[in-house]
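Remarks on the structure that follows.
The values are calculated or read from the model by the stated rules, or taken from the named source; none is laboratory data. Here the structure is a predicted model, which is why all the values come from computation and not from measurement. Counting neighbours? That spans all protein chains shown, and the Cβs are built from the backbone with ideal geometry, glycine included.
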Amino acid sequence: MGIAASELCRYVIRPTLTYLGCHNPTAESLLLGIAASQSELGSALHDRRGHGLYSITEPRHRALWDEYLALDPDRASLVRGLASQHAFLSAPQLELTVNLRYATAIAWLLVEQHRSALPAPGDVLGMARIWKEIFHPQGRLRDFTQAWQSCAPSIKQAIC
C-alpha cells in the first residue's frame, strides 16, 4: 500500500510546487499520476527502473543537475535547499528515495526541462504522453491512464 493520494498532494506535491514557484492543479495531477504509474504512490520505492516515488534513475538525476540546474544557480540553490545536509553529498540518489519533497522537485524539473506547456486540466491522455516521453518511454499510455484512474477519486479530492 502506498501513500494516500490526497495526503501526498496536500503535504508533499502542493507545498513543493509552491516552493518552486510553479504551483497549478494540472502540475499536481500530473505528478500524482506519475507517482501512481511509477511506484503505485510509494508502494515500491526502489526497483530496476529507478529511485523513489517517481522511479528516477541515477543517470537522469545527474544529468538534470549537470545539464539543467547547473545553468540556473538560483534554481539549483532552491532545490538543494530541499535536500538533506550531509546525505546529499555522499549519496544524492538516496534523496530520491527517502526525501519526498526533493524527489517531487526533481520530478517536476524533469517535466519542466522537457516540456514548455502542460495539457489542459483533466486531460489524462495529455498527461500520459508527458509521462511516457519523460519517465517511461517503453510504457503504454493506458498504463498511465489506468494508474491515474485507479486513484482518480483520491486525486480529484486532493486537488479540489
**Report entry** Looking only at the range 62-79, and only at residues there that are part of a helix (DSSP H, G or I) and of a type outside the set (A, V, I, L, M, F, W, C), the one that is nearest to Trp108 (Cα to Cα)
**Finding:** Arg75
Query - Identity of the residue in the range 1-20, in a helix (DSSP H, G or I) and of a type in the set (A, V, I, L, M), that ends up nearest to the chain's Cα centre (by Cα) - result: Ile13
Query raised in the report: So, of the residues in the range 31-50 that are in contact with a helix residue (DSSP H, G or I) (Cβ under 6 Å, 6 or more places away or on another chain) and modelled with pLDDT under 90, which turns out to be surrounded by the fewest Cβ atoms within 10 Å (Cβ to Cβ)?
Result: His46
Query raised in the report: Within the range 9-27, can one find any residue that is without any contact (Cβ under 8 Å) to a residue 40 or more places away in the chain and buried (at least 19 other Cβ atoms within 10 Å of the Cβ)?
Result: yes
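Yes/no matrix, rows are residues, columns are (1) in contact (Cβ under 8 Å) with a residue 60 or more places away in the chain; (2) surrounded by 17 or more Cβ atoms within 10 Å (Cβ to Cβ):
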position	(1), (2)
Asp72	no, no
Ala83	no, yes
Ala87	no, no
Gln93	no, yes
Ala105	yes, yes
Gln113	no, no
Ala117	no, no
Pro121	yes, no
Report summary line: Per the filter on the range 21-50, residues in a helix (DSSP H, G or I) and touching a Lys or Arg at 6+ places or on another chain (Cβ under 8 Å) are Glu28, Gln38
Report task. Working only within the range 1-24, note down all residues that are at pLDDT below 90 and in contact with a helix residue (DSSP H, G or I) (Cβ under 9 Å, 6 or more places away or on another chain). Result -> Gly2, Ile3, Ala4, Ala5, Ser6
Query raised in the report: Is at least one residue of the range 56-68 under 21 Å from Leu8 (Cβ atoms) and among the hydrophobic types (A, V, I, L, M, F, W, C)?
Result: yes
